[in-house]
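Participant: I have a structure I would like to understand better, so I am pasting it below and will then ask my questions one at a time.
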Amino acid sequence: MRKLLLLIGLLAGLVATQVLFAQSATGTIQFEDRVNLHRRLPPDRQEMKAMMPEYRTNKFQLIFNVEESLYKPIIEDEEDQEFSNAGGGMRMRFRTPNVETYLNYNIGMIIQKQEFMGKDYLIEDSVKVSPWKFGTETKTILGYDCKQAYYTDEAQLNVNGEVRTEKREITAWFTDKIRPFLGPERFNSLPGTVLALDINGGERVMLAVKVDLHELKKNELKAPEKGEKITQEAYRKLVEEQMKRMGSNGRAFIRN
């Protein structure tokens with residue numbers, strides 16, 4: 001509890017110091033999330049490259065005001081996409097992930113809506129500050145001057161029913177001209193707005209393609225409500241147990 005109170009105090013203090021940069025800190029940012037599917041295949045599944053595209057791209061939007069944000073998928077008319085190998089044999093269908101991430105900075109809480117096995121779950125967690133280190137490089141994204149930050153963490157995966165950990169090299173580019181502590185998914189603990197994020201040197205890239213600063217409509221930003229409430233730890237165990245029962249072949253990410 002003490003750590004949470006300190007974190008909330010830190011967030012509130014930094015928000016106050018940057019309020020001059022955030023007079024219009026409401027609006028939406030559209031992201032393209034591109035995943036290299038071939039690089040995510042385990043060594044014993046390399047033959048599947050012929051049956052799937054190298055990249056899969058989904059569209060998301062980040063809706064925000066001064067204290068809250070909601071990162072959710074943009075569902076288009078043709079949501080499902082099918083791919084087949086040259087011989088017209090096995091087909092693979094890819095669907096836009098039904099995941100929403102809501103963050104309330106005022107109380108230091110995250111709610112993630114996650115679909116698993118056809119059921120929606122609401123995973124509640126506290127805000128956590130990632131161990132960012134600041135680089136010296138800069139780049140311009142959509143007209144915004146962005147600074148570099150990076151860190152390394154570990155993601156848990158289920159491989160053939162066995163839970164393993166895998167290191168992730170994460171690099172972000174953020175601007176201080178929109179609003180602090182804003183970014184896609186849980187990458188929102190920098191003193192600015194993350195407009196680009198790279199995981200493992202191109203394995204996954206989230207890039208802002210449009211920034212629209214405007215006054216939000218009523219109920220445009222609200223926490224997800226439909227789903228079974230569950231803790232992060234309980235959800236992780238649920239996924240692990242289900243993967244073991246299914247005898248999972250390949251990989252399933254357990255956490256972001």
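Where a number appears in this text, it was derived from the coordinates with a stated rule and is not lab data. Small disclaimer: the values here were computed from a predicted structure and weren't measured. Note that we place each Cβ from the backbone using ideal geometry, even for glycine, and neighbour counts take in every protein chain shown.
Participant: So the label point goes 7 Å from the Cα of T140 along Cα→C-beta, right? Which residues of the range 202-238 then have their backbone N under 18 Å from it?
Facilitator: So the set is 208-211.
Participant: Sequence neighbours fewer than 8 away in the same chain don't count; with that in mind, list the lysines whose C-alpha is under 16 Å from K222.
Facilitator: Qualifying lysines at Cα under 16 Å: K72, K113.
Participant: Sticking with this one: Could you please report the charge total around K139, scoring K, R as +1 and D, E as -1 over all other residues with beta-carbon less than 13 angstrom from its beta-carbon?
Facilitator: Details: positive: K147; negative: E137, D145, D198.
Surrounding charge for K139 is -2.
Participant: What residues qualify as long-range amide H neighbours of I178, i.e. H under 5 Å apart, gap of 5 or more or another chain, H built at 1.01 Å from N?
Facilitator: Amide H to amide H, under 5 Å and 5 or more residues apart or across chains, I178 pairs with T193.
Participant: State which entries of K133/K210; K119/K147; K139/K229 exceed 32 angstrom in Cα-Cα distance in the structure shown. Kindly include the intermediate steps, with their values, before the conclusion.
Facilitator: Details: K133/K210 26 Å; K119/K147 39 Å; K139/K229 40 Å.
Beyond 32 Å: K119/K147; K139/K229.
Participant: How charged is the neighbourhood of L221? Take every other residue with its Cβ under 15 Å from the Cβ of L221, and add Lys/Arg as +1 and Asp/Glu as -1. Could you put the intermediate results ahead of the total?
Facilitator: Details: positive: K72, K113, R179, K217, K218, K222; negative: E67, E68, E100, D212, E215, E220, E225.
Around L221, the surrounding residues sum to -1.
Participant: Expressed in nm to one decimal, what extension gain is obtained for the pair D212 and R236 from 0.36 nm per residue of sequence separation less their Cα-Cα distance?
Facilitator: 5.1 nm
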